[in-house]
Structure formats: C-alpha cells, structure tokens
1. I'd like the FRET efficiency for Ala253 and Ala343, computed as 1/(1 + (r/R0)^6) with the beta carbon distance as r and R0 of 51 Å, rounded to 0.05.
2. Given the Cα atoms of segment 328-420, and with Rh set as the inverse mean 1/r over their pairs in the Kirkwood sense, what is Rg to Rh to two decimals?
3. Rounded to a whole number, what % of the accessible area of the chain do carbon and sulfur atoms account for, probe 1.4 Å?
4. Count the net charge of all other residues whose Cβ sits under 14 Å from the Cβ of Val278, scoring Lys and Arg as +1 and Asp and Glu as -1.
5. Take the chain, connect every pair of alpha-carbon atoms lying under 10 Å apart with a spring to form a Gaussian network, then pick out the residue of Leu293, Leu165, Leu28 with the largest mean-square fluctuation.
6. One-quarter of the Cα convex hull surface for segment 1-107, in nm²?
7. From the phi angles alone, apply the Karplus equation (6.51, -1.76, 1.60; θ = phi - 60°) to segment 114-119 and give each ³J(HN,Hα) in whole Hz, x where the residue is Gly or Pro.
8. Which of the peptides 129-142, 94-107 is most tightly packed, and how do the rest follow, judged by the mean count of other Cβ atoms within 10 Å per residue?
Amino acid sequence: MAVVVVGLNNRTLPLDVLERMTVSGSQLPKALHDLLSREHLSEAVVLSTCMRTEIYAAAGRFHGAMSDIRNFLSEWSGSAPEEFGDHLYSYYEDAAVSQLFRVASGIDSAVIGEGEVLRQVRHAWDAATAEGAAGAVMARLFRHAVEVGKRARRETAITRGITSLSQAAVAMTADRLGTLEGRTVLLLGAGEMSEGMAQSLASVPGIGPTLVVNRTWAKAAQLAQRIGATPIELGGLAGALEEADVLLTSTGAPGVLIEASDLEAVMAAREGRPLLVVDIAVPRDVDAGVGQLPNVTLLNMDDLKAFVDAAMAERRKEIPVVSRIVAEEVARFGELTAEREMAPLVATLRERVETLRAGELERYRGRLSGLSDSQRSDVEALTRSLLAKILHEPTVQLKDVAGSVQGEQLAEAVRVLFNL
C-alpha cells in the first residue's frame, strides 16, 4: 500500500471555498467512513484545521485514490470539482510523507513553528484510529510524524517568539488597537483555539475585563475560571457585545453565528463606540457584511496570515534547518518501511530453512543415537550456526535493497528458488 495525500490550504484556495471543505471534529466519523467506502482507499486520516484540509490515505493506485478523494471533497462541500480542482495539491509516497512531516514540524503553517498543528496532527490520527480508519500504514506514518514535529522543535529555534495562531491573533489585536490595556475583550468559543487566545489574553498586563461566551455554559464557565474571566450565557451575547471593545471568535460552528443584522442593533446601542472583530474561525463565525457596518473593523484569517508574514522573518531562517531534518526523517521512514515490508519474506525464508535443518536431523537420528547429550547439543549448535552464516549475506542484501526495483526482483527470486 502506498501513502497518498490530497489537500487544500489557505495559500492555494480562497477562504470562502476552503471553509466549505472544513471537516469539524463532530463530522470526522461521517467523513472517515465515507472515505473508507471509496474503491481505492483502504485507510484514511482527515487533517482539517483553520489552515487546511488534507486527506492522507493508504491506497493501491495513486490516480484512483486521487479521484476518490476529489469526489469526496466535491460531495462534502457541495462544490463542483472544477471550482477547486486547480487548487488541489496531491503527493505520493515520499512526497506525501514529506508533506505530513512538514506540517507536523510547523514549516507549512501561517505561524511558522506553531505548536497547535502538532496537536492537530495527533488528534486527526487518534480520531481515525477510533473509527477504524487508520490501520498499520497510517499508524506508522503519523507516529513518525509526531516524532519529527518534536525533533524539529527540540533541535531548532523554530518556536522562538509567537508559536501559535491564537497567540498571533491576540498580538494582531493589540497591534491594531495600539494596546489592550483597559480594554474589555469578549471571547466567543471555548475550544482549543479559544483557550489559546484566553491564555494569551491572561498574560497581557493591564488588560480590562475578559468575557467568555460559549454555546455550552459549562465549558464557558470552566475556561473563564481558568483565566479569571467572566462567563456569559449564550443568550447574553448581544449584551456582552455592547460592553466589549474587542470580539475574538473561533468556534467550531458549521456556519455563521453573528449576522450583520445582529450586530447592527448592537452598534446602535453602543452610540458610536468602535468595535474590533477578529474572526479566525474556518468556517467563519461572523458574516462578512459586518465589516461594512459603521465603527466596526472586521479581521479574519487572511488578515492574520498577513500580520504573521510580516513578523516571521527571523523564524524563517530556521526553515532550511528544519527542512534538512524533514528530509532525513523521510529517508529514515522509507528505510524502516522497506525493512518492515521485507521482514516477512526474511522470516519465511528462515522458517523454511529451519524446517529443512530439523527434518535432516530427524532423518539422521538413528545414526546419531550413539552420541552423548553434549555431543548432540554440539551438532545442534553446529547446524544452526552453519545455516545462520549461510543466510546472513542474503538477509543483509535483501534488507539493503528493500523498497527498490532491485529489491523486488531479489525478493521474487528468493520466493521462486526456495518455493516460498
């Protein structure tokens, strides 16, 4: 089985199209079972974040797998293939492995070196495993990817400074306002991204009150308690918006939560006080029309990416170092995979030869009956040692060329010569 990845991200696709491709956590089981029902996919993992939607799969045929995944994305998003087909990227074997390792190491992110993406990679793998969609191939790939992500962060300065989208969102907010000192911030959502923003807000000196609103009251209360904020019932969102100077939102909702008409009434009650809205959810939580309202500034993922790009000059210097680590690990993964694939043949060969050895000793049992226990033990050791030496070089050669055309040829020759 070969590794394949087909994906889209915010660099290849407009945000309004990318958000239709998003697969939320609650939708993962349905998406994974849909993918596994396709003809050419035997395993699948869906990595869907605010930055990207990528499908990693184990497949027998690259073109068949790509067609299956493209059709899935079309049906899932309700978009015609020609609307996004030119924006797709697809990789096979080593290139697919390299893509995942680059994602896990943080050099394929808007915030270079971010830590959130490594957790997202692990979560995608765990979710696929729970649904029976990730088998041995995906397990080996994603386990190695997590190791690569940790190594890149341990051995380089890729995590220096801002290390997450949530930190960047708070930094962009402060930059746009000049300061967060004395500002009232309303946080909509209580998921992983919102928790990251909450922690960043809690470390800002002199920040004003922080309000937390979430669809589930218990989660809002728990997050508010952790950072010393005030939880608000979802029904109190309009009132909270009247108080806030800033709205930071990143929920996992499948569609818009705040329409322009909702905020229009709120702005009337604010009597001209400006409101900064930072929406980094994908799909978006806030209607794009909100940005046209008087005294409202609306920023989204595109603005965040532009802000991060301007601040990432120093960290980009680490990309070549991390890229070398990725290349080393891709080669190592290939070697380990090839050895693992060759291992059953080597084991079968050794079993076959051991069966022949044991059979010959049994045939000569009568002639050896006069030997002492010690002498019989020496014969046993001698025959084992002799066969081990004979098999050593063929075993080494098979492992050395594993994964290559020559390896396939030698493997087939061994099967024929030894009737395996």
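The values are calculated or read from the model by the stated rules, or taken from the named source; none is laboratory data. Please read these numbers as outputs of a predicted model, since none were measured by experiment. Glycine gets a Cβ as well: all are built from the backbone with ideal geometry, and neighbour counts include every protein chain shown. The accessibility values were calculated without ligands, DNA or RNA, using every heavy atom of the protein model including side chains. Shrake-Rupley method; radii C 1.70, N 1.55, O 1.52, S 1.80 Å.
1. After rounding, the FRET efficiency stands at 0.60.
2. On the way: Rg = 17.3 Å, Rh = 15.2 Å.
Reported Rg/Rh, Kirkwood definition of Rh: 1.14.
3. Of the solvent-accessible surface of the chain, carbon and sulfur hold 51 percent.
4. Details: positive: Arg176, Arg183, Arg284, Lys305; negative: Asp175, Asp245, Asp279, Asp285, Asp302, Asp303.
That works out to -2.
5. Sorting by GNM fluctuation, first place goes to Leu293.
6. Working: hull surface 24.7 nm².
Result: 6.2 nm².
7. Along segment 114-119, the couplings run 4, x, 4, 5, 5, 5 Hz.
8. The packing order, highest mean first, is 94-107, 129-142.
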